[in-house]
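Q: One structure follows; several queries about it will come next.
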Amino acid sequence: MKTEDNQLDLWEVFIQSKSGLPHIHSGSVHASDVKMAMQNARDIYTRRGEGTSIWVVPSKAIKASNPDDNDMLFDPSNDKIYRHPTFYIMPEGAKNI
Amino acid sequence: MTKKEELYLYTLRLGDNALILSHRLSQLCSKGPILEEDLALTNIALDLLGRAQALLKYAGEIEGKNRSEDDLAYRREEKNYYNLLLTEQPNKDFAHVIARQLFISTFEFFLFQELEKSADTTLSAIAGKTIKEVKYHLQHASDWTIRLGDGTKESHDRMQSAINDLWMYTGELFEMNGIDLDLLTQGIAVDTIPLQKKWRDCINSVLNEATLFVPKDTYMQTGSINGVHSEHLGHILAEMQYLQRAYPDAKW
């Protein structure tokens, strides 16, 4: 049985764990406005030092790809080796790549 | 009364405020209107419990009778608790929870800024840590007061009646006795008289924005500074102290 979600609007939460790193999707929260979304995100996802920055985005603003298009979008074309940067040696000290 | 006894009672009073309000908020665990708010309230309860632990531990050290923070939290009689009457008032509805938090967090926002300047280094350190948490509690309570006050007719009416119901417990926030005055001369305690105007201004501005009326000053309840409480504290202690009384020294 599917129950209707009557708990305010849905927002997606992105947390940056360290300055310089990307914001990573952590989950979602319910909230009636952006301020409440920010506070709820803080209460649920960053109470134990998980992050240094939070983004909240209305879930309805996100357009997801269609699974039917996966072939077209995500085929890695492994036969075309020139697509993959395997001929380089990573310089020492290059992090987070 | 010796200086040690005064400092013990002053610290105990600060600790009891955090302990009893923490317990009140923890009673809402799993009963919040939505999951997110449930977590917000229990997070505040945890902040307060941490503060209570630090303050009661320090009180036990000052007293010097080998009593731990647990002994102080769970093994005192009702008349030996000094928490503000406001902290023990029941969770009548969500509006009452928010009004209580707004009044207390606004007070604590000013109190702990002053206490951070205390000549007592332990109290000053605890205050420094606390103020960060209180800023968040205050923002949470102010936002909800405005949202409910300036919301639907029902949320407005409930918020207004919560403000009206709890108003008579706000006079106590600024009460001082001989202990405060003695410790004040030593630069340890906070002078709460100047805080009263700041508190009023801050509350007025939140209530105005929330389209709520500031209640007329009525008779103000008092008593907690002498260990005299409303009927609610006994019930809280019965629940809180049950385990320690039934199974003394129980360990997990």
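Q: Could you tell me how many degrees, from 0 to 90 and to the nearest 10, lie between the Cα long axis of helix A:34-45 and the main elongation axis, the longest principal axis, of the Cα atoms of chain A?
A: Compared with the principal axis, the helix lies near 70 degrees.
Q: Sticking with this structure for a sec: Taking a ≥ b ≥ c as the square roots of the Cα gyration tensor eigenvalues, with a/c under 1.5 meaning rounded and otherwise prolate when a/b beats b/c, else oblate, which class fits chain A?
A: Oblate shape, in that a/c is at least 1.5 and b/c is the bigger or equal ratio.
Q: Another question about this same structure. Identify the trypsin sites (Lys or Arg not before Pro) of the range B:142-247 meeting these criteria: DSSP loop state and at most 10 other C-beta atoms within 10 Å of the C-beta.
A: B:Lys216
Q: Would you mind computing, in nm to one decimal, how far apart the modelled labels at B:Glu61 and B:Leu184 are, each placed 7 Å from Cα along Cα→Cβ?
A: 2.7 nm
Q: Please list, or write none, the lysines whose alpha carbon is within less than 18 Å of the alpha carbon of B:Lys31, excluding same-chain residues fewer than 8 places away.
A: B:Lys92
Q: Another one. Over the range B:3-246, what relative contact order in percent results from Cα pairs under 8 Å that are six or more residues apart?
A: 25 percent
Q: How crowded by other chains is B:200-207, given as the mean number of beta carbons from other chains within 10 Å of each beta carbon?
A: 0
Q: Could you tell me which GluC sites (Glu not before Pro) in the range B:70-135 are loop residues by DSSP with no more than 10 other beta carbons within 10 angstrom of their beta carbon?
A: B:Glu77
Q: Report the relative contact order of the range A:9-83, percent, no decimals, based on alpha-carbon pairs under 8 angstrom and at least 6 residues apart.
A: Result for the range A:9-83 is 33 percent.
Q: When the solvent-accessible surface of protein heavy atoms is calculated with a 1.4 angstrom probe, in what order do B:Glu36, B:Glu239 fall, highest first?
A: Ranking B:Glu36, B:Glu239 by accessible area, largest first, yields B:Glu239, B:Glu36.
Q: Within the range B:84-135, list the trypsin sites (Lys or Arg not before Pro) lying in a DSSP loop whose Cβ has at most 14 other Cβ atoms in a 10 Å radius.
A: Taking the range B:84-135 and a limit of 14 other Cβ atoms within 10 Å, the loop trypsin sites (Lys or Arg not before Pro) found are B:Lys117.
Q: Something else about it: Taking only DSSP H segments of four or more residues, each worth -39500 (n - 2.57), what value at 222 nm results for the protein assembly as shown once the sum is divided by all its residues, to the nearest 500 deg cm²/dmol?
A: -17500 deg cm²/dmol
Q: I've got another one for you. Show which aspartates and glutamates lie in cross-link reach of B:Lys79 when reach means a straight Cα distance below 14 angstrom and same-chain residues fewer than eight apart are skipped.
A: The reachable aspartates and glutamates, counting only those whose Cα sits under 14 Å from B:Lys79, are B:Asp16, B:Glu88, B:Glu231.
Q: Using R₀ = 56 Å, calculate the FRET efficiency as 1/(1 + (r/R₀)^6) where r is the Cβ-Cβ separation of A:Ile81 and A:Asp9; round to 0.05.
A: That gives a FRET efficiency of 0.75.
Q: Something else about it: Give the average, rounded to an integer, of partner chain Cβ atoms located within 10 angstrom of each Cβ in B:28-40.
A: 4
Q: Which sequence of A:Thr52, B:Thr87 reflects their accessible areas, 1.4 Å probe, from the largest down?
A: A:Thr52, B:Thr87
Q: For the range B:66-125 and the range B:22-50, what is the separation of their C-alpha centers, rounded to whole Å?
A: Cα centres, the range B:66-125 to the range B:22-50: 16 Å.
The values are calculated or read from the model by the stated rules, or taken from the named source; none is laboratory data. Computed from a predicted structure; not experimentally measured. So basically every Cβ, Gly included, is an ideal-geometry build from the backbone, and we count neighbours across all protein chains shown. When the accessible area is computed, the model is the full protein with side chains, heavy atoms only, and any ligands, DNA or RNA have been set aside. Shrake-Rupley method; radii C 1.70, N 1.55, O 1.52, S 1.80 Å.
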